[in-house]
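Notes follow the structure.
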Amino acid sequence: HNLEMKHLPGADPELVLLSHRYEELERIALSDMTREEINQLVQELGFYRKETPDAPVPEEFQFAPAKPLPTLLPPEAPTADGKTPPKRDKEEHLDL
């Protein structure tokens, strides 16, 4: 689930991990890996393997293997430079 295979003739095989915004997070070369090692890697990364192609995906795995979004500092906590960040409205979306 959430894994798409694209065959690019002449290209070395690699696993490209994308964020929820389709931004590249990491590339992992697969050329020197066996099928078993690749399957193990995909499992370790948190991808869910369906029993059959049309099997439902449990709700807790719908967005797997997405890593949790970084948590924001509470308004009163100082940042790395020692300054306190400005207070924000609870309804404001920082990712937009």
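Just to verify a result, which residue in the stretch 1-11, among those that are open to solvent by 70 Å² or more (accessible area, probe 1.4 Å) and over 12 Å from the mean Cα position of the chain (by Cα), is nearest to Phe63 (Cα to Cα)? Filtering first and then ranking leaves Glu4. Applying the condition of being open to solvent by 70 Å² or more (accessible area, probe 1.4 Å) and not in a loop (DSSP other than H, G, I, E, B) to the stretch 12-33 and asking which residue is nearest to Asn2 (Cα to Cα) yields Leu18. Here Pro78 fulfils each of the conditions (1) surrounded by 10 or more Cβ atoms within 10 Å (Cβ to Cβ); (2) at pLDDT 85 or above; (3) more than 12 Å from the chain's Cα centre (by Cα) apart from (2).
Summed over the stretch 22-50, residues that are among the basic types (Lys, Arg), at pLDDT below 90 and either out of contact with any His (no Cβ under 8 Å at 6 or more places or on another chain) or on the phi > 0 side of the Ramachandran plot (or both) total 0. When the stretch 34-59 is filtered for residues that are open to solvent by 70 Å² or more (accessible area, probe 1.4 Å), under 19 Å from His7 (Cβ atoms) and part of a loop (DSSP other than H, G, I, E, B), only Pro53 remains. Cβ separations smaller than 9 Å between residues 6+ apart or across chains give the following pairs from the stretch 8-29 residues that are over 20 Å from Gln43 (Cα atoms) to residues that are surrounded by 10 or more Cβ atoms within 10 Å (Cβ to Cβ) and hydrophobic (A, V, I, L, M, F, W, C): Asp12/Ala29; Asp12/Leu30.
The values are calculated or read from the model by the stated rules, or taken from the named source; none is laboratory data. None of the values given here were measured: they were computed from a predicted structure. A quick note on method: Cβ atoms are made from the backbone with ideal geometry, for glycine too, and the neighbour counts reach across all protein chains shown. Side chains are part of the model used for accessible areas, which takes the heavy atoms of the whole protein and leaves out ligands, DNA and RNA. Shrake-Rupley method; radii C 1.70, N 1.55, O 1.52, S 1.80 Å.
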